[in-house]
Amino acid sequence: MNMVEIIGKKKLGQVLTHEEIDYFVQGAATGTIPDYQLAAMLMAIRLNGMTAEETTYLTLSMTRSGDVADLSAIPGVKVDKHSTGGVGDTTTLVLAPLVAACGIPVAKMSGRGLGHTGGTLDKLESIPGMSVEIAEDAFIRQVQTIGGAIIGQTGTLAPADKTLYALRDVTSTVDSLPLIASSIMSKKLASGADAIVLDVKTGSGAIMHTLEGSIDLAKAMVDIGTLADKPVVAIVTGMEQPLGTHVGNALEVKDAIDVLSGRTAGALKEVSLLLGSHMLVLAGRVKTTTEGKALLEEAIRSGAGLQKLREIIAAQGGDPNVCNDLSLLPQAKVVKAYSWDAEGYVEDMDTTAIGLAAQALGAGRMKKSDVLDYSVGLVLHARIGDKVEQGTPLVTVYAKDEAAADTAAAKVRQVIKLSPVPVQQPPLWYAIVTKDGVQRFDR
Ligand code: URA
């Protein structure tokens, strides 16, 4: 078989055979196909798509490209959760300790930043000393002893995805239904979870911008899970604005700690509780999501969730004191606040552009080899529907120098649209997709 011919077929929009998909995936996993051919193939898939059968086969081939984790030594139903990626989307850091504090084991394998979206591993690594590269046996021992662990996919788990994910990040090939579905589901099937909750984002900061595109992605992933005999619930949630107020690695750790310590409420907390409550239902801990939310709320109130985060950080070599003293997180050289110079109601924002502004500050990668600046990012003070006037806070930028801060603030100002008339807040979630179908929520 020959990679040039396979790329050529996809370039013309033709359907690939199982053998051709296996050849591409094996080459990605073993390093026998050079990055430039993999990148060309990714772009051909991004431009011409794949059939449902190709996507399913690609997923299974990527799952088989490495080992499948055996979590059977951990008692109970292991429920995993994965987001398609967003801006200020740090639900894992909130719900993983909360769900673990409710007695459900959380064996979580997370990813790094992708395109304009942040990654849990990068956020965790902003905690001094914290390690996310942990061998499978140590990972299992940690979940057995303290009930939770958040690590990067081990080298042997879906290695094809590891290679392709890093290449997609820097070749503008992130926003592709078959590539997202196969990336997420191959890892989830290989991670050994018994059931999966997916957070499929929709809106200007999501990888899929339209609701219909996001529902299609959710359906594709639920179908793949069903075929593999894993219960999957996919919730389509809004990403027309950053989920939390903070965007950037250490800043998002702070946002999560603020929610866990009960200091802040809002969209990040609400969506985390929704996803967490579905995890508790799938794990059999509660019967309804209402019961689940009450349990998670209690774990915030009692401090059990924050305590679990401390334990997870300490077990992975990090400094748990960050949970009480946020000044132990990396601090930016320049912190500059900007306010509105116009008035109106926040109508709309280009959240991808806001994510890219954070990336340009150093919070995300432009090249595979880029080293992140964990301290930088921004805190957005306006949400859709808010009334603002001259002098109302717009954004606080955390940067390496004043010029970078000014550039980021100008970008943010430019991509937020104001309306002269009141604007309704968008819903936090739009639909739930299961094997039984799509349930949409009214606006
Ligand atoms: N998360 C992943 O793991 N893969 C994607 O392609 C998108 C989000």
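The values are calculated or read from the model by the stated rules, or taken from the named source; none is laboratory data. None of the values given here were measured: they were computed from a predicted structure. Note: ideal-geometry Cβ built from the backbone for every residue, glycine included; neighbour counts use all protein chains shown. Just so you know, the surface numbers come from the protein's heavy atoms only, side chains and all, with ligands and any DNA or RNA stripped out. Shrake-Rupley method; radii C 1.70, N 1.55, O 1.52, S 1.80 Å.
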* Determine which single condition Ile235 fails, assuming it passes every other condition in (1) over 26 Å from Gly76 (Cβ atoms); (2) more than 14 Å from the ligand (Cβ to nearest atom); (3) in a strand (DSSP E or B). => (1)
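Hand me the list of helices (runs of 4 or more DSSP H) wholly inside segment 1-110 holding 2 or more residues that are within 16 Å of the ligand (Cβ to nearest atom) and crowded, with 21+ Cβ neighbours inside 10 Å.
18-30, 35-48, 52-64, 91-101
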* For segment 184-193, does any single residue satisfy the condition of being of a type outside the set (A, V, I, L, M, F, W, C), surrounded by fewer than 24 Cβ atoms within 10 Å (Cβ to Cβ) and more than 13 Å from the ligand (Cβ to nearest atom)? -> yes
* Structure fact -> Residue count, segment 400-414, condition open to solvent by 80 Å² or more (accessible area, probe 1.4 Å) and not polar (S, T, N, Q), comes to 2
* **Subset of segment 415-443 that is farther than 30 Å from Trp340 by Cβ and out of contact with any strand residue (DSSP E or B) (no Cβ under 7 Å at 6 or more places or on another chain) - its residue that is least open to solvent (accessible area, probe 1.4 Å)** => Gly437
* Asked: Limited to segment 187-232, what total is found for residues that are at pLDDT below 95, within 20 Å of Ala160 (Cβ to Cβ) and not in a helix (DSSP H, G or I)?
  -> 6
* Structure fact -> Taking segment 238-261 and keeping residues part of a strand (DSSP E or B) and either within 19 Å of Ile432 (Cα to Cα) or aromatic (Phe, Trp, Tyr) (or both) leaves Gly238
* Asked: Ser339 is checked against (1) crowded, with 17+ Cβ neighbours inside 10 Å; (2) in contact with a Leu (Cβ under 8 Å, 6 or more places away or on another chain); (3) at pLDDT 95 or above; (4) not charged (D, E, K, R) and fails just one. What number does that condition carry?
  -> (1)
* Inspect segment 213-229 for any residue being within 10 Å of the ligand (Cβ to nearest atom), open to solvent by 10 Å² or more (accessible area, probe 1.4 Å) and among the acidic types (Asp, Glu) and give the result as yes or no. => no
* Residues located in segment 133-152, provided they are assigned to a loop (DSSP other than H, G, I, E, B) and surrounded by 22 or more Cβ atoms within 10 Å (Cβ to Cβ) -> Gly147
* Asked: From Ala206, Ala166, which residue is within 13 Å of the ligand (Cβ to nearest atom), open to solvent by less than 10 Å² (accessible area, probe 1.4 Å) and of a type outside the set (Asp, Glu)?
  -> Ala206
